[in-house]
Structures are given as structure tokens and as C-alpha cells.
Amino acid sequence: MDDGCDLILHVGLPKGGSSALQTALSMTPDLTSASGRQLRYTALRQRGGLTSIRYGEDLSRDARRSPYGYVSWPNMKAGDAASPVFEALGKVMAAGREGGFVPIASCEGWVSRPNIFARQLQMWGHPRVEVVAFLRPPLDWVNAAYWQWGIWHQPDLDLWLKRGNLPYEFGPVLERWSTIPNLRLRLGNARPDVVAKFSEFYGIDLPNASSSNTSSPPALIGFLLRNRQFRSSGHDASTEFIFQRWCPPVEGRKPWAIRARHVWQLRPMVQRNRAALQRIASEAELADIFSDARWTDESRYHAALREGVSALDDRTEMAALRETLLEGLHRACAAVGRPMPDVPDCPGEGASTREWDDMFCPLMEALLRADLAVREAQGGRELRGLKARMMRSFPKLFGG
């Protein structure tokens, strides 16, 4: 990092390790580089029409109170030059210059906003900004994005891909970022560890945090799709974050949706993105990004393609989900000093999905309630609104 840098923007990618990095930065927001430069992770909190910039221990406390385990900056609509984000970013830059530190701001959606940032940075006289993005191979990203967002709105991958805008054009978008004066673009592979790579970029010692947004097991996705009170949309992933915070990983295959025809259909998109990165990335960055052979070798997907689309109601996987959910519930209850609730019996092999869901629902409700109690102990009055919403969603849990 050049010591003249005024601002570090981590812009994504979505499904590119952003949650892991934001969690780590939220838990260790004040950092010192190898050159002695001070860096401060910042966040913008919006609540009740009011905004506040968060630093230091206040920021970490907000992250611990959040079901997601981290805090970050909000996105803005395309073309929204009046977004409060820009006024706040101007303030953190001014505070950084006055206080002798470089602010770090993160929002995984900003990667798609180069034009509005270009106009704003011009208005600010083109301060020296570094923009960081971590990438994953396009086909891998499309599969992950479909399970994260697409399936909650369109349970058919073909229709989701036809929805009017291609899901992965990050190479050309990052090329637009690269044209902004006085801006340095820093790119890396999202694997194996974005936290370690960000630390290497800036010569800092940033410890990894425990919580991150990994792929949910297919059986959990199936349960959540059938029981929308736990996840109403693609943008409400709090239940999955809570599950991952307490429950051990479920062994088995990651969710997979892509078929051979999609590989052919998406091939031009992959080539466009690869070509754009070759125009803007350094040799070292290209070596890191393309070290994942799936950028160039479709045969790496053949095993997944042969195995086919993931089933969301496999009984063996549902039984494994039950075991890990019980372990997570035990941990959460112990953390809050509560006894384990009554545990429903495991359905038989021939039981319907409704019978399985009738078993899962009280376990998941109990996990959410225990997690909320843990965060309430840290958050006090500020979590009353969240508890009220949960009481409306699950009135039986709270005596309603």
C-alpha cells in the first residue's frame, strides 16, 4: 500500500469471500501495516432514517449483535448520487487524513457501481483510492449465486439465466473501475483464503474469524425453501448464518445446479470475463486468479455434471442435517445457560418431507431463540426490535 492512499474500498465480489473478510475486519477493525501505517475498518449503520459511522469497539459490538456476525456498508441504487453512502465516505476520508489512518469500507455490491463511484471520485478531486475484489470462476460463481439468491425467486436455473441480465460480467465491470484516475485496482483469487490475501496486500496481521457465508447443505436449502418463515427471500440469509455459527459442517456434496447445456450456454461469458481480466490484471494477479483451473478447463466440472443436480430431500442427508442441528443447538443452549429442549424423534426412512419438516421446525426455532439470547446479552436494548420481529414470526416460542 502506498502511504498516500486515502481510502480502501473492498467492493466484492458477491459470493467471493466477502462475508469471511467482513467478519474478520469487524472483529479486528484497527490494524497496523508492516510500514507502520494505521488502517481502520469502518461501517455505516442505518436505523430509523438515521445514519452513523461506526469505528473500533462500537463496530465490533454491532457485529457481535448481528445475526450475520459482521457489519459493512450498504449498497446504493445505480445512479443514486444522493445516497448517504457518499457523504459518509467523504467524512471517513476526512477523518482518516486528520487522524493519520486509512479507512477501509466494504460492500460486496459496490463492484457493480463503477460509474457512480467514478463521478463521485471526480467530484472529490480524485483522491488516491485502492479498490479490492476477489474473484471465483464464472461457472462456479453462477452455481453458488443461484443457490444463494436465484432459487428463492425462480426455482429453475434456465429461467433465472434468462431473466434479462447476465449474472456474471465482473471482468468488464472491473475494467471500468480500472479507468478511474488515481485509482489502483487490486485483484485476487477468492480461494483458498481471502482474509490471508487481504492481509498480504496490506502487510497486516488480520486474524480469521469463525463465521462466514459458506454453501449450505442441500438438505438445509430444501427445508428452508419449504418453510419460508425461516428465509423469506434470497436477501434474508440470517438463519443460514446462525446455523453455520453453531452447527458443525454437514459432510457431503455441495449444492449443484448446472447441467452440461449451461456450460455451453455460458462459455462466451466465461471468455469475455477472462479476456477483460487479462487486460487489467498484473501478471501476479492473473497467476493467482487463474491458478484455479476451472477458469480455463471445463473438464474440472465433469464429475459434478455426471452426478447431476442436487436433490433437496435426500433422506440420508436430512438425517445428517438433524445430527448437526442437534449439535449446534446443544452448543447454543450451553452458551446461554439453557437446558436442551425436547427433541422430536427422527422420522423413519419412508416418512414424508412434511414429517421431516415437522421434526426440523422446532429444532430450528429453538436454535434461533438461543442465538438471539446470546446476542441479546451483548446487545441489550438495541435488539428489542429484532426480538419483536421474531415474536411475530414465531409467537408460540414466546408464549403468544
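Applying a threshold of 8 Å to beta carbon distances and a minimum spacing of six or more residues, or different chains, the list of pairs starting in region 87-111 at a residue that is free of Cβ contacts under 8 Å to residues at least 60 places away in the same chain and ending at one that is of a type in the set (G, A, S) and not in a helix (DSSP H, G or I) is empty. Quick check on S233: is it open to solvent by 20 Å² or more (accessible area, probe 1.4 Å) and outside any helix (DSSP H, G or I)? For S233, the condition - open to solvent by 20 Å² or more (accessible area, probe 1.4 Å) and outside any helix (DSSP H, G or I) - is met.
Considering only residues in region 197-218 that are over 17 Å from the mean Cα position of the chain (by Cα) and of a type in the set (A, V, I, L, M, F, W, C), the one that is most open to solvent (accessible area, probe 1.4 Å) turns out to be F201. If the condition is being small (G, A, S) and in contact with a strand residue (DSSP E or B) (Cβ under 9 Å, 6 or more places away or on another chain), then region 264-283 contributes A281, S282.
Do we find that S310 is modelled with pLDDT of 95 or more, touching a Pro at 6+ places or on another chain (Cβ under 6 Å) and of a type outside the set (D, E, K, R) in this structure? Here the answer is yes, as S310 does meet what is asked.
If a residue must be surrounded by 16 or more Cβ atoms within 10 Å (Cβ to Cβ) and part of a helix (DSSP H, G or I), how many such residues does region 281-297 contain?
6
State yes or no: is L157 at pLDDT below 95 and either among the hydrophobic types (A, V, I, L, M, F, W, C) or in contact with a Leu (Cβ under 7 Å, 6 or more places away or on another chain) (or both)? So L157 fits the description; yes.
Among residues of region 45-58 that are assigned to a helix (DSSP H, G or I), those with a beta-carbon under 8 Å from a residue that is surrounded by 14 or more Cβ atoms within 10 Å (Cβ to Cβ) and basic (K, R) at least six positions away or on a different chain give the pairs G56/R40.
Name every residue in region 182-192 that is in contact (Cβ under 8 Å) with a residue 60 or more places away in the chain and either of a type in the set (K, R) or open to solvent by 40 Å² or more (accessible area, probe 1.4 Å) (or both), in order of residue number.
Within region 182-192, N182, R184, R186, R191 meet the criteria.
Would you be able to say whether some residue in region 61-74 is outside any loop (DSSP other than H, G, I, E, B), charged (D, E, K, R), more than 30 Å from F243 (Cα to Cα) and touching a residue at least 12 places away in the same chain (Cβ under 8 Å)?
no
Would you say F170 is in contact with a strand residue (DSSP E or B) (Cβ under 7 Å, 6 or more places away or on another chain), surrounded by fewer than 19 Cβ atoms within 10 Å (Cβ to Cβ) and closer than 29 Å to A293 by Cβ? For F170, the condition - in contact with a strand residue (DSSP E or B) (Cβ under 7 Å, 6 or more places away or on another chain), surrounded by fewer than 19 Cβ atoms within 10 Å (Cβ to Cβ) and closer than 29 Å to A293 by Cβ - is not met. If you filter region 1-35 down to residues that are hydrophobic (A, V, I, L, M, F, W, C) and over 14 Å from W73 (Cβ atoms), you find that the one that is most open to solvent (accessible area, probe 1.4 Å) is A34.
The values are calculated or read from the model by the stated rules, or taken from the named source; none is laboratory data. Please read these numbers as outputs of a predicted model, since none were measured by experiment. Don't worry about glycine lacking a Cβ; one is built from the backbone with ideal geometry, like all the others, and counts go over all protein chains shown. Remember, those area values only see protein heavy atoms, side chains included, never the ligands or the DNA or RNA. Shrake-Rupley method; radii C 1.70, N 1.55, O 1.52, S 1.80 Å.
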